[in-house]
1. Under 9 Å between Cβ atoms, which residue pairs at least 6 apart in sequence (or on different chains) link something in the range 188-216 that is farther than 15 Å from Glu232 by Cβ and in contact (Cβ under 8 Å) with a residue 24 or more places away in the chain with a partner that is open to solvent by less than 30 Å² (accessible area, probe 1.4 Å) and of a type in the set (Ser, Thr, Tyr)?
2. Contact list please: Cβ distance under 7 Å, first residue in the range 9-27 and more than 17 Å from Ala60 (Cβ to Cβ), second residue outside any helix (DSSP H, G or I) and open to solvent by less than 30 Å² (accessible area, probe 1.4 Å), pairs at least six apart or on different chains.
3. Of the residues Leu82, Leu58, only one is part of a helix (DSSP H, G or I), at pLDDT 90 or above, crowded, with 21+ Cβ neighbours inside 10 Å and of a type in the set (A, V, I, L, M); which?
4. Taking Ser156, is it at pLDDT below 80 and touching a Lys or Arg at 6+ places or on another chain (Cβ under 7 Å)?
5. Restricting to the range 21-52, name every residue that is among the charged types (D, E, K, R) and in contact with a Leu (Cβ under 9 Å, 6 or more places away or on another chain).
6. Among what's in the range 201-240 and is within 23 Å of Gln86 (Cβ to Cβ) and acidic (Asp, Glu), pick the residue that is surrounded by the most Cβ atoms within 10 Å (Cβ to Cβ).
7. Regarding Pro12, is this residue within 13 Å of the chain's Cα centre (by Cα), over 24 Å from Ala178 (Cα atoms) and either open to solvent by 50 Å² or more (accessible area, probe 1.4 Å) or of a type outside the set (D, E, K, R) (or both)?
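The values are calculated or read from the model by the stated rules, or taken from the named source; none is laboratory data. The model shown is predicted, which means the values in this text are computed figures rather than measured ones. In this analysis, Cβ positions are derived from the backbone assuming ideal geometry, glycine residues included, and neighbour counts consider all displayed protein chains. The protein model used for the area step is the full one, side chains on, heavy atoms only, and it has no ligands, DNA or RNA in it. Shrake-Rupley method; radii C 1.70, N 1.55, O 1.52, S 1.80 Å.
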Amino acid sequence: GQLHELAGEGDPEEVNRQYREATSEAAALSGETTVRMAESWGRWALRQRRPVDAVEALEAGIRAGNEIIRQQVSWQDREIWLDYRQSLTPDLALALVMTGHPERAIEILDSGRRGWLTEGLRAANDARLKLSGVSPELVARLGRARAALRAALFASTNTDDPDVARAPAATRGLVRSARAALAAVEAEIREIIPDYGRPRSYAQIAETVTGQPLVYLAAAETSGVALLIDPETKALSCEL
């Protein structure tokens, strides 16, 4: 990709194919490698005015980033990967606008913003849950389920423990069970807060715009994008 941009060497179709294959192969090896490869591919594609390929690349990077975030056990580690994932969302939003999908671009930008808010509230003892009427008992069970998952994840990575070395399958089973238990508690919370832990759809976002317009501005790799939800027309976008 760099040789093609700097020296004009190579066929852009071949460069794009190699980026796609490398990103796909990275997914079987390392989430972090997948994110970095997808970022390189997506931003190259934007500079080449290949928005369809940029969408494919950056969506792959954000999926891999979300999986990494889900596996982190501390707020500090989650914050690092939230920041990395967030750095891809303006580029993806721009590519989506260029391909004629402004509503999806708004969902992406809103999801990135809400990701930070959601994690911040999680670090602050789930203030939103208490304000939304979730019972203290259910909030307490959520905390225990998260603690159990953290313990299982720490145990699965403790290479100094001979029990872990002898029974890796059993250790992985504990992690799976802990994840399932956490998912069950989160499902109960969604009966009270339907969008808990989930990104909002464009329809849900637009529904809240009743008075003044809501504007999203994003600076991407090659330019930027302005997305406006008008209370009456509900959508307008332009590349900057």
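1. Ile189/Tyr196
2. none
3. Of Leu82, Leu58, the one residue that is part of a helix (DSSP H, G or I), at pLDDT 90 or above, crowded, with 21+ Cβ neighbours inside 10 Å and of a type in the set (A, V, I, L, M) is Leu58.
4. yes
5. Matches in the range 21-52: Glu39, Arg43.
6. Residue satisfying both the conditions and the ranking: Glu221.
7. It is false that Pro12 is within 13 Å of the chain's Cα centre (by Cα), over 24 Å from Ala178 (Cα atoms) and either open to solvent by 50 Å² or more (accessible area, probe 1.4 Å) or of a type outside the set (D, E, K, R) (or both).
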